[in-house]
Amino acid sequence: MDHLTFRYELAQQLRVDSVRCSSAAGSGHPTSSMSAADLLAALLDGHLRLDFDHPDDPRNDHLIFSKGHASPLLYSCLKAVGAIDDAELMTFREFGSRVEGHPTPVLPWVDVATGSLGQGLPIGVGLALAGQRLDRLPYRVWVLCGDSEMAEGSVWEALEHAGFAQLDNLIALVDVNRLGQTGQTMHGWDLDAYAARAQAAGWRVLEIDGHDPEQIETALKDAEDGDGRPVAVLAATKKGRGVAEVEDRPGFHGKALVHPEEAIQELGGVRDLRVTPAKPTAQAEPHVFEVRGGGLPAFEPGTEVATRKAYGEALRALGDRRGDVVALDGEVSNSTFSEMFRDAHPDRYFEMYIAEQQMVAAAVGMQVRGWRPFASTFAAFLTRAYDFIRMAAVSRADLCLAGSHAGVAIGEDGPSQMALEDLAALRAVHGSTVLYPCDANQTVRLTAAMADRPGVNYLRTSRGATRVIYAPDEEFPVGGSRVVRDGDDVTLVGAGITLHEALHAAEILAPEGIRARVIDLYSIKPVDAATLRRAAAETRGLVTAEDHWPEGGLGETVLSALAGVGAPVRVLAVRVMPGSGTPAELLGQAGIDAASIAAEARELLKAHR
């Protein structure tokens, strides 16, 4: 058969298999899969350059299903190329199956988890940036988008950045099937409305009938002819295409077909066509950045240095030592001090502007290709990207986040700039590491440690300068803590800013004959439960102090570690909405300064004589 006939038959097979697997599961999104089947059939047959036998080949194109609910279509494509067999396809949504309800990287051909809408295109931007500036390879990044998710702000962040960066290796296939979950989408089939927005962001736009094989072929060939602009193929399609019972009809989103056998016959029956996508032919290898080497920065004990500045110096030094380290920032690099990396390693620095979702998404995309991204901004603003952080864990992504300006200790800027939720938020991410250094030398060691840890890693840094209390050669293993001062009456637990307040509180208590043990709990997750339990056994109780809301932070970390021990624990945290003021004033108002910690220790000892 000629190639257009073959593509029509292949598209019908993708529709049939989408119906079959979702009907076997009793759930799924077959109609959302059926609308894009013609696009994917054409992409597989002649345009996607991906060696499915060698999914780690750095020259491969990348295919991201941003509309991850159309997973039946993706899995049907994997069957069509021989990556999975029909038996595995029919385990869709079963317990233990690799073909999950939404795609995840348990399948080696899936780069990132999708399903939370609006994420695939921003991640695609990160992959395209990696191809253009890091790997320097000619692979393309194809992203299948749904029209409903085009309402997400993260999509427009992606459109803006891709246009600005002239990512002509990025191609968005937008399946404009008109119907969302509950009714018509915002713009329906108004392709011009989507086109105007994309063109305004610097994209080249191709509007087509997404069920016309000739128009699809012309558009895909045109999209491959890069002219310095990313390409959006806006394809008008019909949801449930090919089955009269559901085609272009509302009310069938996310449901298996009621009459699957009849639908399969209407689509021409079960087929077993095979397609072999083109393999990459370029002989180039990924670019390798030369490094000058060198040691880590060191700070003199007794001096005062902001941990955010120490982070910047540590990041620059990591860049000197490792060519795989890259840095991204959300237009605050002169505050996070990632500008130090930018000035030393401009080819590996990415300014993401005030677009925190795109910043984290780009980091996720870059790590797909083995780069080690460090993304930094004010800790408070990482909450804008929390869904991307959450999904990064589902993607099994390895990346590092740095949040500066945490807590009331930032002072006069006021509560809009104060991260008081970040420890709880990042602790809740599966497999995450959460670190909170108190001085410059500790910051350097923990920054370096993050570069080798899997999963989502978070470093909380402080705005103001703090006294350097550790020597440059001291080690701080992740999951550890440090007993900074010994004592057997009461234990004071702090981290970051409050570690220094706890040390001052111990000095206040000493003349009263109260011997306070002070623990620097720099590793919030994983936590050093053994040291905390030993303190609970050897002293009469613990007082924790944190520059964070009481929910989910350091205090609750300690309580969790001491579950079942029965030791008295007093938790000091920020409990009233702060305003502007000096750091000292705000720490005092929150009841987490040295005087408040000392007072709480006295009360604990009085209650537990």
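The values are calculated or read from the model by the stated rules, or taken from the named source; none is laboratory data. Just so we're clear, the structure is a prediction, and the values are computed from it rather than from any experiment. A quick note on method: Cβ atoms are made from the backbone with ideal geometry, for glycine too, and the neighbour counts reach across all protein chains shown.
Among the listed residues I592, I524, I597, which satisfies the condition of being of a type in the set (A, V, I, L, M, F, W, C), within 28 Å of D413 (Cα to Cα) and touching a Lys or Arg at 6+ places or on another chain (Cβ under 7 Å)?
Working: I592 fails: touching a Lys or Arg at 6+ places or on another chain (Cβ under 7 Å); I597 fails: touching a Lys or Arg at 6+ places or on another chain (Cβ under 7 Å).
Just a single option satisfies the conditions, and that option is I524.
Which of (1) over 19 Å from D17 (Cβ atoms); (2) at pLDDT 95 or above; (3) in contact with a strand residue (DSSP E or B) (Cβ under 8 Å, 6 or more places away or on another chain) does N177 not meet, given it meets every other one?
(1)
Just to be sure before I move on: is P103 crowded, with 24+ Cβ neighbours inside 10 Å, farther than 18 Å from A363 by Cβ, in the same structural domain as A195 (by TED's automatic domain parsing) and under 17 Å from the mean Cα position of the chain (by Cα) in the structure I sent? Step through it out loud before you land on a result.
Details: crowded, with 24+ Cβ neighbours inside 10 Å: yes; farther than 18 Å from A363 by Cβ: yes; in the same structural domain as A195 (by TED's automatic domain parsing): yes; under 17 Å from the mean Cα position of the chain (by Cα): yes.
It is true that P103 is crowded, with 24+ Cβ neighbours inside 10 Å, farther than 18 Å from A363 by Cβ, in the same structural domain as A195 (by TED's automatic domain parsing) and under 17 Å from the mean Cα position of the chain (by Cα).
Just wondering, is there one or more residues in region 276-288 that are closer than 30 Å to P437 by Cβ and either at pLDDT below 95 or under 30 Å from the mean Cα position of the chain (by Cα) (or both)? Walk me through it before giving the result.
Narrowing region 276-288 to residues closer than 30 Å to P437 by Cβ: none.
Scanning region 276-288 turns up no residue that is closer than 30 Å to P437 by Cβ and either at pLDDT below 95 or under 30 Å from the mean Cα position of the chain (by Cα) (or both).
Among the numbered criteria (1) under 29 Å from the mean Cα position of the chain (by Cα); (2) buried (at least 24 other Cβ atoms within 10 Å of the Cβ), which one does P55 miss?
Condition not satisfied by P55: (2).
Is it true that A344 is of a type in the set (A, V, I, L, M, F, W, C) and under 14 Å from the mean Cα position of the chain (by Cα)?
Numbers: of a type in the set (A, V, I, L, M, F, W, C): yes; under 14 Å from the mean Cα position of the chain (by Cα): no.
For A344, the condition - of a type in the set (A, V, I, L, M, F, W, C) and under 14 Å from the mean Cα position of the chain (by Cα) - is not met.
From the set of residues in region 278-316 that are in contact with a strand residue (DSSP E or B) (Cβ under 7 Å, 6 or more places away or on another chain) and β-branched (V, I, T), which is surrounded by the fewest Cβ atoms within 10 Å (Cβ to Cβ)?
The extreme case among them is V305.
Show me the helices (runs of 4 or more DSSP H) entirely contained within region 520-609 in which 2 or more residues are charged (D, E, K, R) and at pLDDT 95 or above.
Values: elements: 529-538, 554-561, 583-590, 594-607.
Those helices (runs of 4 or more DSSP H) span 529-538, 594-607.
Only residues in region 134-145 that are over 16 Å from Q166 (Cβ atoms) count as the first member; pair them with residues that are of a type in the set (V, I, T), Cβ under 6 angstrom, at least 6 apart or cross-chain, and list the lot.
Close Cβ pairs satisfying both conditions: W142/I171; V143/I64; C145/V174.
Pairs, please: C-beta under 8 Å, at least 6 apart or cross-chain, first residue within 14 Å of V231 (Cα to Cα) and in region 178-201, second in a loop (DSSP other than H, G, I, E, B)?
Hits for this filter: Y194/D147; Y194/H187.
Could you tell me whether G431 is of a type in the set (G, A, S), closer than 30 Å to A537 by Cα, in a loop (DSSP other than H, G, I, E, B) and more than 21 Å from the chain's Cα centre (by Cα)?
Numbers: of a type in the set (G, A, S): yes; closer than 30 Å to A537 by Cα: yes; in a loop (DSSP other than H, G, I, E, B): yes; more than 21 Å from the chain's Cα centre (by Cα): no.
So G431 fails the test.
Let's see how each residue does on (1) buried (at least 21 other Cβ atoms within 10 Å of the Cβ); (2) under 24 Å from F476 (Cβ atoms); (3) outside the structural domain of T443 (by TED's automatic domain parsing); (4) hydroxyl-bearing (S, T, Y):
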position	(1), (2), (3), (4)
G541	no, no, yes, no
T544	yes, yes, yes, yes
H548	yes, yes, yes, no
G552	no, yes, yes, no
S560	no, yes, yes, yes
G581	no, no, yes, no
A590	yes, no, yes, no
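Between a first residue in region 582-609 that is over 17 Å from I508 (Cα atoms) and a second residue that is modelled with pLDDT of 95 or more and among the hydrophobic types (A, V, I, L, M, F, W, C), which pairs have beta carbons less than 6 Å apart while being 6 or more apart in sequence or on different chains?
P583/A409; L586/V408; A590/V408; A590/V574
Would you call A196 over 25 Å from the mean Cα position of the chain (by Cα) and buried (at least 22 other Cβ atoms within 10 Å of the Cβ)?
Values: over 25 Å from the mean Cα position of the chain (by Cα): yes; buried (at least 22 other Cβ atoms within 10 Å of the Cβ): no.
It is false that A196 is over 25 Å from the mean Cα position of the chain (by Cα) and buried (at least 22 other Cβ atoms within 10 Å of the Cβ).
How many residues are surrounded by 15 or more Cβ atoms within 10 Å (Cβ to Cβ) and either touching a His at 6+ places or on another chain (Cβ under 7 Å) or under 17 Å from E313 (Cα atoms) (or both) if we restrict to region 471-490?
Number satisfying all stated conditions: 1.
Return the residues of region 18-59 that are closer than 25 Å to A223 by Cβ, part of a loop (DSSP other than H, G, I, E, B) and of a type outside the set (D, E, K, R); say none if nothing qualifies.
Start the filter on region 18-59 by keeping residues that are closer than 25 Å to A223 by Cβ, which leaves 18, 32-52, 54-55, 57-59.
In the following step, the residues that additionally are part of a loop (DSSP other than H, G, I, E, B) were identified as 36, 45-48, 50-52, 54-55, 57-59.
Answer for region 18-59, where residues must be closer than 25 Å to A223 by Cβ, part of a loop (DSSP other than H, G, I, E, B) and of a type outside the set (D, E, K, R): A36, G46, H47, L48, L50, F52, H54, P55, P58.
Being assigned to a helix (DSSP H, G or I) and touching a residue at least 24 places away in the same chain (Cβ under 8 Å): is that true of A235 here? Don't jump to the end; show me each part of the working.
On the way: assigned to a helix (DSSP H, G or I): no; touching a residue at least 24 places away in the same chain (Cβ under 8 Å): yes.
No.
Which is within 34 Å of the chain's Cα centre (by Cα) and either surrounded by fewer than 18 Cβ atoms within 10 Å (Cβ to Cβ) or outside the structural domain of G163 (by TED's automatic domain parsing) (or both), of E261, E224? So that I can check it myself, show each step before the final result.
Working: E261 fails: within 34 Å of the chain's Cα centre (by Cα).
E224 is the lone residue from the list that is within 34 Å of the chain's Cα centre (by Cα) and either surrounded by fewer than 18 Cβ atoms within 10 Å (Cβ to Cβ) or outside the structural domain of G163 (by TED's automatic domain parsing) (or both).
Within region 164-173, is even one residue in a helix (DSSP H, G or I) and in contact with a helix residue (DSSP H, G or I) (Cβ under 9 Å, 6 or more places away or on another chain)?
Start the filter on region 164-173 by keeping residues that are in a helix (DSSP H, G or I), which leaves 164-165.
From the residues that got through so far, the ones that are in contact with a helix residue (DSSP H, G or I) (Cβ under 9 Å, 6 or more places away or on another chain) too are 165.
Yes, the conditions are met somewhere in region 164-173.
Kindly establish whether S376 is surrounded by fewer than 24 Cβ atoms within 10 Å (Cβ to Cβ) and either of a type in the set (G, A, S) or under 20 Å from V332 (Cβ atoms) (or both). Give the steps one after another, and end with the answer.
Working: surrounded by fewer than 24 Cβ atoms within 10 Å (Cβ to Cβ): no; either of a type in the set (G, A, S) or under 20 Å from V332 (Cβ atoms) (or both): yes.
The answer is no for S376.
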